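Take a look at the structure below.
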Amino acid sequence: MKISIVGSGYVGLVSGACFAQLGNKVICVDNNKKKVAALKKGHIPIYEPGLSELIKSNVLKKRLHFTDSIREGVENSEIIFIAVGTPPSENGEADLTGIENVAANIAKNMKSYRLIVEKSTVPVETGEWVKHTIKSYIKKDVKFDVASNPEFLREGQAIDDFMHPDRIVVGLESQTARQKMELLYKPLNAPIVFTDIKSAELIKHASNSFLATKISFINAVSCICDKVGADVTEVARGMGLDKRIGPGFLSAGIGYGGSCFPKDLEAFVKISEKLGYNFKLLKAVKEINENQKDEFVQKIKNSLWIIKDKNIGVLGISFKPDTDDIRSAPAIDIIKSLEAEGAKVKVYDPQAMDKTKGIFKTVNYCKDPYAVCKGAECLLILTEWDEFKELDFLKIKKLMRRPIIIDGRNIYDSRRLEKIGFTYISVGRGGLLRK
Ligand code: UDX
C-alpha cells in the first residue's frame, strides 16, 4: 500500500521503517528540513537497536523515502498517519498544536479520498477535533475517514514490538477504513481490536496508566516489606503466578520514568478532570512513584548519616537499560537530591553520560564502574544494566572507602554480597536500616 507518516520522531521512524519492511511504499514527512536532509544521508537521529539498518535497506529498495513536503506525502498515499509529538504543556495537558497543524495541512492538500490515522498518543476526543479540523479546511466534495491506531512500542524493543504485537488497536467509523487497515496489518498476523475512535484513544491511555499502576502498587508493597523484613520479589512472584494478575511489571525499584508513562499518566489525569472526573487512583500512582525516590534517598541517609561532602558512587542514569534516554529518569532526581545536600557524586552509565553532561556540571563522570567505586563511601545502583550484574565485588570492596551498596533495582543476591563483607540494602527486601 502507499502510505505516508507525518512526523519523523521515534514513533514515526520506527513505524515508517517497519511498514516499508512489510512491503509498503512509505513516505516519511517532517517539517524540520535539517532532519530530513540528515535522514536522506542515512543519519538516524535516535538510538534504537536495528532501526538504522532497517531504514537503510528499505531506502535502498526504494520502499522508504523522506521529504519535508506534506503535499508530496498527501498526494502519493492512500493512508496518512499522524505521528507528531504531543508534549506535555505546563499544566500537564497534552499540547496538541502539532496535531492540529498537520490535520489542517493534510486537508489543504487533499484532492481525493484519504484515510487519516492518529498514531501519536492523544487524549480521548482528539479524533473528533481532527475530523472537525479537516472538515473546516477541505474542499467540499472530497471524502475522508479518520481512524485511531495507537502505538505500544517500548524503547529498545520497538521494532520487535511493531512486528510482533500482542494486539493491534484500531478505532474507526467506516467499512472502507476497516478494509484498508485490515489489509495493511494482515502480514503481521496479530489480533486486531476494531473499535470506535474514542475507545481506541482510551485504550492507549488506560494501558499505560494501568502498567504504571502495577509498578506503583508493587513499590508501595515494597515499603511495607522493608518495614517488616519481607521480600518483595517473593511477594511479586507469588502474586504474578495468579493468571489474573500476571508476572509482568511487578519489579519494585526507584520508580518508572521515560518519555511515556509520566507524561501519559499526567495527560490522562488532566483529560479526566476536564471531563469532570477526578481520577484519584492515578494521582496516587504518581505520588507513590515520586515517593519511591525519596524513600531511596532516605536509605542513603540512614546508611551514611551526613551526606554533605561524602563521596557517593552512582551506577546507571538512563530510565531503563539499553537506552541513552534520561527523560524523567529517577536517577536524575536522586542525583539532584544528593547534590543539593552537598554530596560529591561520581557516575557511570554505558550510554547516557553524554546526555547527562548538560544537566550536571559538577558531577564526576567516570570511564567505568570501578572508577566510580574508588574512594566511594557508598555505591548506588540506579539502572539495571547487564554490565552491572557481572562486576568483580572483591575488587570493588578494596576500592571503596566503606563497603555499602544501595541497590535501587534489586539486581544482586544479598547473601553473596554480605558474605564478601558488604552492607547491602535494596528495595523491599528487608534491608532498610531502621530510623
Ligand atoms: C512504555 C510502554 O511499555 C509502551 O507500551 C508505550 O508505548 C511507551 O511507554 P517505555 O517507556 O519504553 O515503554 O518503557 P518500559 O519498558 O515500559 O518501562 C517503563 C518504566 O517502568 C521504566 O522506567 C522501567 O524501569 C519501569 N519499570 C518497568 C519498573 O520500575 N518496574 C517494572 O516491573 C517494569
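What follows is calculated from the coordinates using simple rules that are stated; it is not laboratory data. This structure is a prediction, so every number in the text was calculated from the model and none was measured. Please note: Cβ atoms are built from the backbone with ideal geometry, for glycine as well, and neighbour counts cover all protein chains shown.
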| request: For the chain, find the longest principal axis of its Cα atoms and tell me its angle to the long axis of helix 126-137, 0 to 90°, nearest 10. | output: 40 degrees
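Can you give the FRET efficiency for Asn291 and Glu78, using 1/(1 + (r/R0)^6), R0 = 56 Å, r = Cβ-Cβ distance, to the nearest 0.05? Walk me through the numbers before you get to the answer.
Working: r = 49 Å, r/R0 = 0.88.
Efficiency for this residue pair is about 0.70.
So between Ser69 and Ile224, what do we pick up on full extension, going 0.36 nm a residue minus the alpha carbon distance?
On the way: separation 155, 0.36 × 155 = 55.80 nm, distance 5.59 nm.
Length gained, Ser69 through Ile224: 50.2 nm.
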| field | Other-chain or far-sequence residues with amide H under 5 Å of Asn311's (modelled H) | value | Lys344, Glu377
| Modelled label-to-label distance, Trp305 and Gln175, 7 Å Cα→beta-carbon offset: nm? | 8.0 nm
| Convex hull projection area averaged over all views, the range 318-413, Cα basis, nm² | 5.8 nm²
| For a label point 7 angstrom out from the Cα of Ser199 toward its Cβ, which stretches of the range 143-176 have the backbone nitrogen within less than 18 Å? | 146-151, 167-176
| remark: Most fluctuating of Asp242, Asp68, Asp145 in the GNM of the chain (C-alpha, under 10 Å) is Asp242
| query | Whole number please: convex hull volume per residue of the Cα set in the range 302-363, in Å³? | reply | 81 Å³
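Tell me, Kirkwood radius of the range 1-100 from alpha-carbon pair distances, in Å?
On the way: mean 1/r = 0.0732 Å⁻¹.
Evaluated on the range 1-100, it is 13.7 Å.
In debye, nearest 20, what is the charge dipole magnitude of the chain about its Cα centre with +1 on Lys and Arg Cβ and -1 on Asp and Glu Cβ, if you could check? Display every interim value, and only then the final one.
Details: 67 positive and 55 negative charges, 126 e Å.
For the chain, the charge dipole is close to 600 debye.
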| said: Over the range 358-417, what portion of Cα pair distances is larger than 12 Å, expressed as a whole percent? | reply: 71 percent
| Theoretical FRET efficiency, 1/(1+(r/R0)^6), r = Cβ-Cβ of Glu128 and Glu182, R0 22 Å, to 0.05 | 0.40
| task | Apply the Debye scattering formula to the chain, with a single equal point scatterer on each alpha-carbon and no solvent, then give log10 I(q)/I(0) at q = 0.09, 0.10 Å⁻¹. | result | -0.64, -0.77
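I'd like to compare 354-365, 46-57, 213-224, 9-20: which one has the highest average count of other Cβ atoms within 10 Å, and what's the full order after that? Spell out each step's value before the answer.
On the way: 354-365: 13.4, 46-57: 16.2, 213-224: 20.3, 9-20: 24.2.
Per-residue mean Cβ counts within 10 Å order the peptides as 9-20, 213-224, 46-57, 354-365.
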| task | Any chance you could tell me what percent of the C-alpha pair distances in the range 62-134 go past 14 Å? | result | 61 percent
| field | Net charge of neighbours whose Cβ lies under 12 Å from the Cβ of Met1, counting Lys and Arg as +1 and Asp and Glu as -1 | value | +3
| query | Taking Cα atoms, how many degrees apart are the long axis of helix 280-304 and the longest axis of the chain, rounded to 10 and kept between 0 and 90? | reply | 30 degrees
| request: Can you tell me the FRET efficiency between Lys140 and Lys357 if r is taken as the Cβ-Cβ distance and R0 is 51 Å, rounded to the nearest 0.05? | output: 0.40
| query | For all pairs of alpha-carbon atoms in the range 109-210, what percent lies in each bin of width 10 Å, listed from the first bin to the last filled one? | reply | 15, 45, 31, 9, 0
